[in-house]
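The values are calculated or read from the model by the stated rules, or taken from the named source; none is laboratory data. On a predicted model such as this, the values are computed, not experimentally measured, just so you know. Neighbour counts run over all protein chains shown; Cβ positions are idealised from the backbone, glycine included. These accessible areas exclude ligands, DNA and RNA; they are computed on the full protein's heavy atoms, side chains included. Shrake-Rupley method; radii C 1.70, N 1.55, O 1.52, S 1.80 Å.
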Amino acid sequence: MKSLLEPQESASGVLSPRVIPRSEHPVSRQQISEPALKVLYRLNGAGFDAYLVGGCIRDALLGKMPKDFDVATNATPEQVRDLFRNSRLIGRRFRIVHVRFGREVIEVTTFRGKPQDEHGDHIAQQSDAGLLLRDNVWGNIEEDALRRDFTVNALYYNIADFTIHDFANGARDIDSRTLRLIGDPATRYREDPVRMLRAVRFAAKLGFTIDADTEAPMYDLAPLLLQIPPARLFDEVLKLFMSGHGLVTFRMLSHYGLFGMLFPEAEEAMADAAWAEELIEHALANTDKRIAEERPVTPAFLLAAFLWAPVAHRQAELEGEGMPSIPALQTAAQQVVTRQLQHVSIPKRFGMPMRDIWELQGRLPLRRGKKAFQTREHPRFRAAYDLLLLREQAGEIPRGLGDWWNAFQQGDEHDQRRLLQKVGGDPASQGNRRRKKRRKPSKPSPE
Ligand code: ATP
Ligand code: MG
């Protein structure tokens, strides 16, 4: 029997929502930031509808503190902008308004309608493959709800009376910890393949189970991600791996064949060498741990770890063709990055340090004379050393160099001299033997 509390289908085919009164849900204004409340009250005071929707209500219902607030309203973007001096219109795919309060930004979107009208006419632009290109068609709250991705992301908190409006059985899915797409899953993935990444991200982050029908099309549709602009995928990659649940996320992405659509060469390298996957897993486990401890993390390190195996593989090939080790590493890095950028973009502020971390892998074995001190002073030394440890841990290279560097960093002058003597007396440990072809024989150094 259908529960009276569930959304009811009306004669027009539009769902009327289940309205959950304040007394029957736990979302309180204490969980809502001051700026978000300000935006809601001002919109409401000006005669518009104003709701909180999306992740903030989902997270609040799960007892988590929401991290950002999305507002949905029937005011148009221009009307919103006119109400808030501290606001601006943004958005390529969707026009939305950002209202800024210091460091906090409240995102305000106008209810959007269906991409097609009842006669099947295209209102929004759609590519042949069903991909939504632009859709700035305003609609009512019901339509807005049905355009959202998952049922648990379509819960609306009404500031007028503190009720929650549930158009898609989201409350039920919150209770059963289920991630379920609204509508026909394959159609929704075709409209926007990034929803596959979002499914995995939310399942991993919230510990939800992906509903069987929502899960099934992913295996076949994963390649649709290849159509998504690299810049959008970079934003998604950050959210996937820098939110504290990277390892689980990585395993789920691999399971559905999604990881290879983002990092094809990393995927190939993992098929080639077991250490490649171990390296990525260790890197993600470390990142998750650091985030849990509220220590800083950088995408540059993680990207360096993801792409290290392809770089090392290519470097070995080039060395096999007779190129010396250091230029081979630089060339390999260049080639791997160029190909990677066709899938996921990497902004310079992360790309530069990523390459430094790789380049230092070539310098860490070279420790004679002043080299160890110079390497130690490099701004990316710490990250490079961390990657070295992961490489040893994953079994790419034998253990030893990491211990040496650990002792060198911690040691006093006397220890350092002793450590340098160790490597000085053993030219075979220099890694780059070409260094022996110096013009002048090196003076016996005091090291
Ligand atoms: P979080 O902010 O915790 O990552 P979120 O659910 O708030 O999660 P956002 O990316 O902030 O995610 O999006 C806000 C809301 O917009 C979502 O909850 C969802 O309702 C809707 N939404 C976002 N992206 C899509 C999409 N690709 N397709 C359909 N609806 C989407
Ligand atoms: Mg959000």
(message) How large is the translational diffusion coefficient of the stretch 244-303 in µm² per second when you combine the Kirkwood radius over alpha carbon pairs with Stokes-Einstein at 20 °C and 1.002 mPa s?
(response) 179 µm²/s
(message) Let's see if you can work this out: charge +1 on each Lys and Arg Cβ, -1 on each Asp and Glu Cβ, no other charges. What is the dipole magnitude of the stretch 194-241 about its Cα centre, in debye to the nearest 20?
(response) 260 debye
(message) So, for the chain, what is the accessible surface per residue at a probe of 1.4 Å, expressed in square angstrom?
(response) 50 Å²
(request) Would you please give the residues with an amide H less than 5 Å from that of Leu179, counting only those at least 5 places away or on a separate chain, with H modeled from the backbone geometry? (result) Thr209, Ile210, Asp211
(request) May I have the pair-distance distribution P(r) for the stretch 222-371, computed from all Cα-Cα distances with 5 Å bins from 0 and rounded to whole percent? (result) 2, 9, 17, 22, 21, 14, 8, 4, 1, 0, 0
(request) Please work out the Kirkwood hydrodynamic radius for the stretch 189-247, using every pair of different C-alpha atoms, and report it in angstroms with one decimal place. (result) 12.0 Å
(request) Using a 10 angstrom cutoff on alpha carbons, build the Gaussian network for the chain and name the most mobile of Ile280, Ile397, Ile210. (result) Ile397
(message) If N is the number of residues in the chain, what value comes out of its Cα radius of gyration divided by 2.2 N^0.38 Å?
(response) 1.20
(message) Taking loop as defined by DSSP and a crowding limit of 15 other beta carbons within 10 Å, which trypsin sites (Lys or Arg not before Pro) in the stretch 159-249 fit?
(response) Arg177
(request) For a label point 7 Å from the Cα of Glu317 along Cα→C-beta, name the residues of the stretch 276-311 whose backbone N is under 15 Å from it. (result) 308-311
(request) Return a whole-number percent for the relative contact order of the stretch 291-423, with Cα pairs under 8 Å and 6 or more residues apart as the contact set. (result) 21 percent
(request) Compare Ile326, Ile90, Ile164 in a GNM of the chain, Cα atoms joined below 10 Å, and give the one with the largest fluctuation. (result) Ile90
(request) Only Lys, Arg, Asp and Glu count, each charged at its Cβ (+1, +1, -1, -1), so figure out the dipole size of the chain about its Cα centre, rounded to 20 debye. (result) 2920 debye
(message) Once neighbouring chains are kept in place and the probe is 1.4 Å, which whole percent of the accessible area of the chain is contributed by carbon and sulfur?
(response) 50 percent
